[in-house]
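Trainee: Can you keep this structure in mind? I'll have questions shortly.
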Amino acid sequence: MLGATVCSVAFIFFVLGHEATELQVKVGLFFLFLIVVPGVCFMYFFRWRMKKIRAQLFQTLEVLEHFDIDEPTPVKFEKSPYSAFNELNDYLLELINRVRKHYQANKQFTSNAAHELQTPLSVIKGHIELLLQSKRLGEKEIKTLGIILQNTNRLARLNSALILLSKIEHHRFADFKKVNLNRITYDVLNNFQDLIEIQHLHVRTNDNLNLEVEMSATLAEIMIANLIQNAIRHNNSNGWINIVIKKGKLCVINSGKVLEIEPRKLLKRFRRETNVEESLGLGLSIVQRICDHSGFSLDYQHEAGVHTLSVKF
Amino acid sequence: MKLLIVEDEQDLLSMINHYLKKEGFLCELAKNYREGYIKLNNYQYDCAVIDLNLPGGDGLTLVKLLREESPETGIIIVSAKDTTEDRIRGLEEGADDYLVKPFNLSELNARIKAVLRRKMNLPTKEMNFGNLSIRLDAREVIAGENTLKLTKKEYDILLYLARNKNRVVTKDSIAEHLWGDYMDEAVSFDFIYAHVKNLRKKLNENDCGDYLKTIYGIGYKFMAH
């Protein structure tokens, strides 16, 4: 297109340069007209078409951008006048549905497995408890039973934490209401009072403001209990905890060890500082999950042994 | 004391039966809604342990029925449902206590005893073991002549162990009893150790030292003589 125009212009200049006859100029102009006018038309037409195609592409991209694998609403692409786009959309739709199905099946499996494990676990635990009462057990047997019990308990705790996570993910907590976080914090602190005293921790609460949040009452309790437990457990003896309740924000700040891994990573499942033995590594990820599903944001900052976990509502 | 246990999980049912029989309770067993319904209608019980999820019907209906028919019977719900809502509903229908599965047998035992005491002022307002006595109403512990100065948690541990006397009580069941479900066991074990150490020291000072026995790696046992 551009080449043809350049050629014809070159031809005209060539002709003019050689003192062309009028006829020659006319022929030149005619050819120029013949090539340039449809050329320009074609150009505009293609530009317009490209624009439309781009718009189609962006439409598809936007649908993909808003796609959330956890959302139950079906993905819908608008019908396009171009069959290629329709094909692409159909293919994407099929892909999405397949991925979603696999994801759901996977989630379902985790949740079912955890639930089904609950009963056998409690039967094992119960029988160990019964066995422990036997008078015929020697020291060695009791020691072995102790190890079995310890691991069964660990399994049971892990399992109930996974059940809890899966319940949060399935929105199974329906007890939504206005929850007073000051009161819950106070209750939780009260419940853990002895743990705080044994470690000689100094607790300060800064809560001049009453913070009320619309959320599940059960989840609110779990969230605050986990945050405070985390602050107690990862503290130094003679350390401190500072709880600040502000407008739309709750912060738990505590002294503790200097972290070796990035704080954000601790919010992931099964991440933990290695020196705390037997920790499940699920506490903070449960808090994270609760925040995700209630529309809050959780932030973890750490600087020279001072840990700050804050929830923004 | 006559108890009714309604639970569809056969293993769990026989375990509960086994444990409670040793405590001197007489247990009747029902493994579905119908059996439970018939037994409740025909006999009188001191306490009933009812699972909510039963084949053939809802355990909550049994709770409601029992509460209407026989107000003096203690009712403990055992269920895998653990939200605050479920608990409240259970208690509103007339249950005296709500225990979430999976539970420890020693916990169930302690809860049954607490419910029985509240309901019937029985077995006793006072538990006596030689020179040690626990006064349940005042939450006091008397050792010899002296009243012991115990913290709330120390008292709770002592009472829990005493309610499961002569039995090994595991540390995790103590942890759950003291701090509830959401406590991480790993931390709590150190705290239980510290509490028991203090408790023992206080008992020792008043010549009651030999009641608490440590079962290494597992838990504790209250030795009643």
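What follows is calculated from the coordinates using simple rules that are stated; it is not laboratory data. Quantities reported herein were computed from a predicted structural model and do not represent experimental measurements. Glycine gets a Cβ as well: all are built from the backbone with ideal geometry, and neighbour counts include every protein chain shown.
Trainee: Nothing charged except the Cβ atoms of Lys and Arg (+1) and of Asp and Glu (-1): what's the magnitude of the dipole of segment A:153-213 about its Cα centre? Round to the nearest 20 debye.
Mentor: Details: 8 positive and 7 negative charges, 55 e Å.
Dipole of segment A:153-213, to the nearest 20 debye: 260 debye.
Trainee: Another one. So if I restrict to the alpha-carbon atoms in segment A:145-192, what is the Rg, and what is Dmax, the biggest pairwise distance, in Å?
Mentor: Values for segment A:145-192 (Cα only, Rg and Dmax): 16.0, 46 Å.
Trainee: Separate question: Arranged by the count of other C-beta atoms within 10 angstrom, fewest first, what order do A:ASP68, B:ASP11 take?
Mentor: Values: A:ASP68 8, B:ASP11 15.
Going from least to most buried by this count: A:ASP68, B:ASP11.
Trainee: If the reach is capped at under 18 angstrom between alpha carbons, list the aspartates and glutamates near A:LYS52, excluding any in the same chain fewer than eight residues apart.
Mentor: Partners found: A:GLU62, A:GLU78, A:GLU87.
Trainee: Order of B:VAL115, A:VAL244 from fewest to most other C-beta atoms within 10 Å? Display every interim value, and only then the final one.
Mentor: Working: B:VAL115 21, A:VAL244 16.
Fewest-to-most Cβ neighbours within 10 Å comes out as A:VAL244, B:VAL115.
Trainee: If I model chain A as equal point scatterers sitting on the Cα atoms and use the Debye formula, what is log10 I(q)/I(0) at q = 0.07, 0.10, 0.12, 0.14 Å⁻¹?
Mentor: The Debye formula, applied to the Cα set alone, gives -0.52, -0.79, -1.00, -1.18.
Trainee: Which distance in nm do the two modelled labels at A:GLU22 and A:VAL37 give, with both placed 7 Å along the Cα-to-Cβ direction?
Mentor: About 2.2 nm separates the two model spin labels.
Trainee: Please find the FRET efficiency linking A:GLU139 to B:GLU205, where r is the Cβ-Cβ separation and R0 is fixed at 51 Å, and quote it to the nearest 0.05. Write down the numbers at each step before the final one.
Mentor: On the way: r = 30 Å, r/R0 = 0.58.
Given R0 = 51 Å and the Cβ-Cβ separation, E is 0.95.
Trainee: Around A:CYS251, under 10 Å between beta carbons, what's the net of Lys plus Arg minus Asp minus Glu among the other residues? Don't jump to the answer; show the numbers that get you there.
Mentor: On the way: positive: A:LYS246, A:LYS249, A:LYS312; negative: A:ASP299.
For residues surrounding A:CYS251, the net value is +2.
Trainee: Largest first and to the nearest Å, give the Cα extent of chain B along each principal axis.
Mentor: Largest first, chain B extends 56, 35, 29 Å along its Cα principal axes.
Trainee: In addition: Decide, for segment B:94-225, between rounded, prolate and oblate: order the square roots of the alpha carbon gyration tensor eigenvalues as a ≥ b ≥ c, take rounded if a/c falls under 1.5, and otherwise choose prolate if a/b is larger than b/c, else oblate. Before the final figure, lay out the partial values.
Mentor: Values: a/c = 1.77, a/b = 1.11, b/c = 1.60.
Taking the square roots of the gyration eigenvalues as a ≥ b ≥ c, segment B:94-225 is oblate.
Trainee: Rounded, prolate or oblate: which fits segment B:2-120 when a ≥ b ≥ c are the square roots of the eigenvalues of the alpha-carbon gyration tensor, with rounded for a/c under 1.5 and prolate only if a/b beats b/c?
Mentor: Details: a/c = 1.12, a/b = 1.09, b/c = 1.03.
Verdict is rounded for segment B:2-120.
Trainee: Next up: Measure nothing but the geometry: give the 0 to 90° angle between the long axis through the Cα atoms of A:83-132 and the longest principal axis through the Cα atoms of chain A, rounded to 10°.
Mentor: Computed tilt is about 10 degrees.
Trainee: Turning to a different aspect of this structure: Considering only lysines 8 or more places apart in sequence, or on different chains, count the pairs in segment B:4-107 whose C-alpha atoms sit under 19 Å apart.
Mentor: So the count works out to 9.
Trainee: Then there is this: Going by how many other beta carbons lie within 10 Å of each one, how would you line up A:SER134, A:SER166, fewest first? Before the final figure, lay out the partial values.
Mentor: Details: A:SER134 11, A:SER166 19.
The order, fewest Cβ neighbours first, is A:SER134, A:SER166.
Trainee: Give me the Debye-computed log₁₀ of I(q)/I(0) at q = 0.14, 0.25 Å⁻¹ for segment B:102-148, equal point scatterers on Cα only, no solvent, two decimals.
Mentor: Ignoring solvent entirely, the Cα scatterers give -0.42, -0.91.
Trainee: From a point 7 Å beyond the Cα of B:THR151 in the direction of its Cβ, which residues of segment A:179-217 have a backbone N at a distance under 12 Å?
Mentor: The answer is A:191-201.
Trainee: So how tilted is helix A:283-294 from the main axis of chain A? Cα-based, degrees 0 to 90, rounded to 10.
Mentor: Compared with the principal axis, the helix lies near 50 degrees.
Trainee: Tell me which trypsin sites (Lys or Arg not before Pro) from segment A:119-159 have a DSSP coil assignment and no more than 14 other beta carbons within 10 Å of their own. Let's see the in-between values first.
Mentor: On the way: sites: A:LYS125, A:LYS135, A:ARG136, A:LYS140, A:LYS143, A:ARG154, A:ARG157; in loops: A:LYS135, A:ARG136.
Sites meeting the loop and neighbour criteria: A:LYS135, A:ARG136.
Trainee: Which whole number of Å³ per residue matches the convex hull of the alpha-carbon atoms in the protein assembly as shown? Mind dumping the intermediate values first?
Mentor: Values: hull volume 124.7 nm³, N = 538.
Cα-based convex hull of the protein assembly as shown, divided per residue, equals 232 Å³.
Trainee: Cross-link candidates for B:LYS197: which lysines have Cα within less than 18 Å, leaving aside residues fewer than 8 places away along the same chain?
Mentor: B:LYS149, B:LYS152, B:LYS153, B:LYS171, B:LYS213, B:LYS221
Trainee: So, with +1 on the Cβ of K and R and -1 on the Cβ of D and E, and no other charges, what is the size of the charge dipole of the protein assembly as shown about its Cα centre, to the nearest 20 debye? Please report the intermediate quantities before stating the final value.
Mentor: Numbers: 71 positive and 68 negative charges, 92 e Å.
So the magnitude is around 440 debye.
Trainee: Using a Förster distance of 30 Å, how high is the FRET efficiency between B:ASN32 and A:ILE148, based on the Cβ-Cβ distance and rounded to 0.05?
Mentor: Details: r = 32 Å, r/R0 = 1.06.
After rounding to 0.05, the efficiency reads 0.40.
Trainee: Just to confirm the number: angle between the C-alpha axis of helix A:217-233 and the first principal axis of chain A, 0 to 90 degrees, nearest 10?
Mentor: That works out to roughly 70 degrees.
Trainee: Let me ask something else about it. Using r as the Cβ-Cβ distance of A:GLU65 and A:VAL306, and R0 as 51 Å, what FRET efficiency do you calculate, to the nearest 0.05? Walk me through the numbers on the way to the answer.
Mentor: Values: r = 38 Å, r/R0 = 0.75.
So the FRET efficiency works out to roughly 0.85.
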